[in-house]
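Working notes, structure below.
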Amino acid sequence: MKLKHWKLDRDADGLAWATLDKADAAANTLSSAVTDELAQLLDHLEQEPPKGLVFRSGKAAGFIAGADIEEFSSLDSAEGTRALVARGWDLFNRLAGVAYPTLALIRGHCLGGGLELSLACRYRIVVDEPGTKLGLPEVMLGIVPGWGGMKRLPERIAAPAALDMMLSGRTMDARKAKRLGLADDCVPPRVMDAAARGLVLSGRPARRQPLLERLLNGPLRFVVAAQARKQVAAKARPEHYPAPYAIIDLWHKHGGNALAAPDVLDRIVRSPTARNLVRIFFLQERLKAFGKKSALAARRVHVVGAGIMGGDIAAWCALRGLTVTLQDQSLERVAAAIGRAAPLFERRIRDPLARRAAFDRLIPDPEGHGAAHADVVIEAIFEDLEAKRGLLAALEQRMRPEAVLATNTSSLRLEDLATALASPGRLVGIHFFNPVAKMPLVEVVEPDGADPAMLARTHAFVRTIDKLPLPVRSAPGFLVNAVLAPYLLEAMRCVDEGIAPATIDAAMEAFGMPMGPIELADTVGLDIALAAGRQLAGATEPPRCLAERVERKELGRKSGRGFYAYQDGRTVKAAAGSIPDGLAQRLVTPLIDRAQALVDAGIVADGDLADAGVIFGTGFAPFTGGPLHYRKTRADQQPQ
């Protein structure tokens, strides 16, 4: 055999170990070259069968990240689509049918085609580490798990859980995989090789599903499919996101074999949604790459300001493993912020000891001693120029020279803040979005004269805490807030014209937005929306409906009433009524115009980054590929 990506070893017990270490790549993916070599490897083992075969990774990054997205994105014909799906389907069926026992030893991420390979093995052992995640995220790219995942996952775990996993794209950790029956065992790293050897040579039969699970994957399959369709319909329109509906139908009607419905397969893979979601995947990878330009790893963070934003930033950093000192004017304010961190830690961290460790990393520091030891210092106090300037000047005197000094301002010019510093070039902006735990984007703001090394360290820090850094120039509202302001104001002008708020929101939710603009304004706070409109949209007269509500102290969700009433945290809406023709286009046009203007002005480097920022910062309908891409696509579709 001539193997470039795989290594095959045999030990004294006659056990074969197949190690995947894809050449010239940081992570393992199942490219055509990798799967061709796997077929060679199976040919060789067919001639000299081993006592057992263990698959493992030679990468520190994880097991297998999935198929090669570059190959998928280059498909341009129905024949090419079927050939790519058949390649994995036939290969993994062959693996599932070998005479000797097989085992996947999973440490780190095991996603997409990687999980499908492991499902074709008789056994799976998962390593109990935080980085071990298993999932079939194909739906996030607008496609289906066509290499056997739709068939074999419901054969391993209960069909409702399997469908939920495929339809949501969510991953599960090692312990949950063991609990649901996806993994045969969950072991610590120190014994993983011994556990794999013992299990694959044990002669133990593969796990058999309990009777109820077999019924749900057999005669009662229609019940599970009907419930799944109802759940998907509540979240995604078939015209926007066809893939989840296809997954249900392919499992229900064809046993998970995508090749049995070639028309469905080709329609999904080559749909505009799939192309746009793949586009977003590559945009996300581009944002991640900004965090690789500095070797300086942040371990300690000091946050000044324990309000909603500052406290949530501190809690998120502690959750991601950093040691955080949190400063404010009183211990009571810091204690309140730490109290707000409790639900986040409870929701995100299952292990009580790990949860306790996260709390231990979030350290009250009302005197601000942590600033002297931090790698990153974040100012997150109220939006007052003089207060921020005085604080930043005091912090600079206490910080280490190589540490990052950042402000979380959303409205003030960084150049005005930096005049108080002895070294103005060290100040950068690091603009989080609310709620911090849910919003993946962070704008890294570059003022005039910024130190490139500080910017690189800031981007690296943002990736360290598992956020997506977007480089933007210093300007009012940067990118995200600047595009939202005219969008929200146009929606409120529609209210002034007599269109019901619920109708406006329904129009944009039908367009594909996760939340309508009126409810979004209520969520942000109408007082904040009023101030932003004056500053960012150049509005001399705010919409009447907005000004009147602010005057009555009806500020939105936080006051219990705004455009809507709120009861027990839920929005109370009237029926939407009929949506006027062209309403969604009217509302989205100011947002798109502003995004293009910001690209033209150099606030964000190019249209692709603008699309990425608006998608990950506002939730702009992902299936469109972003606002500027959406406009271009519509223009291309217009008759000449």
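Any read-out appearing in this document is the output of simple, stated calculations on the displayed coordinates, not a laboratory observation. Computed from a predicted model, the values in this text were never measured in an experiment. A quick note on method: Cβ atoms are made from the backbone with ideal geometry, for glycine too, and the neighbour counts reach across all protein chains shown.
Structure above, values below:
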item: Proximal charge balance of ALA372 [Cβ under 15 Å; K/R count +1, D/E count -1]; result: -1
item: DSSP-defined beta bridges in the chain - what % are antiparallel, rounded to 5; result: 25
item: For ALA234, net neighbour charge (Lys/Arg +1, Asp/Glu -1) across residues whose Cβ lies under 15 Å away; result: +2
item: Sorted by Cβ neighbour density within 10 Å, fewest at the top, the residues ILE308, ILE592, ILE363; result: ILE308, ILE363, ILE592
item: Among beta bridges that DSSP assigns inside region 6-270, antiparallel share in %, nearest 5; result: 25
item: Which listed pairs, of LYS178/LYS235; LYS293/LYS388; LYS59/LYS178, have C-alpha distances above 25 Å, in listed order; result: LYS178/LYS235; LYS293/LYS388
item: Residue-averaged [θ]222 nm for the chain, counting only DSSP H segments that reach four residues, each worth -39500 (n - 2.57); result: -14500 deg cm²/dmol
item: Projected area averaged over orientations for region 290-473, convex hull of C-alpha atoms, nm²; result: 9.2
item: Neighbour cut-off at most 13 other Cβ (10 Å), DSSP loop, chymotrypsin sites (Phe, Trp or Tyr not before Pro), region 380-484; result: PHE382
item: Least to most buried among LEU111, LEU628 (fewest other Cβ within 10 Å first); result: LEU628, LEU111
item: Rel. contact order, % - alpha carbon contacts under 8 angstrom, at least six apart, region 290-473; result: 26
item: Local net charge near ALA39, Cβ-Cβ under 11 Å (Lys/Arg +1, Asp/Glu -1); result: -3
item: Region 90-148 shape via C-alpha gyration tensor axes, a/c threshold 1.5; result: oblate
item: Centroid-to-centroid separation of region 297-376 and region 190-258 [C-alpha atoms, Å]; result: 39
item: Per-residue Cβ neighbour rank within 10 angstrom, fewest leading, GLU490, GLU383; result: GLU383, GLU490
item: Phi-based couplings in Hz for region 142-159 (Karplus 6.51, -1.76, 1.60; Gly and Pro marked x); result: x, 10, 10, x, x, 9, x, x, 5, 7, 8, 4, x, 7, 9, 10, 4, 4
item: Listed candidates (i) 32.8, 121; (ii) 26.3, 110; (iii) 26.6, 82 - label of the one calculated as Rg and Dmax of the Cα atoms in Å; result: (iii)
item: Among ILE143, SER118, GLY255 the positive-end extreme of the charge dipole of region 6-270 (Cβ point charges); result: GLY255
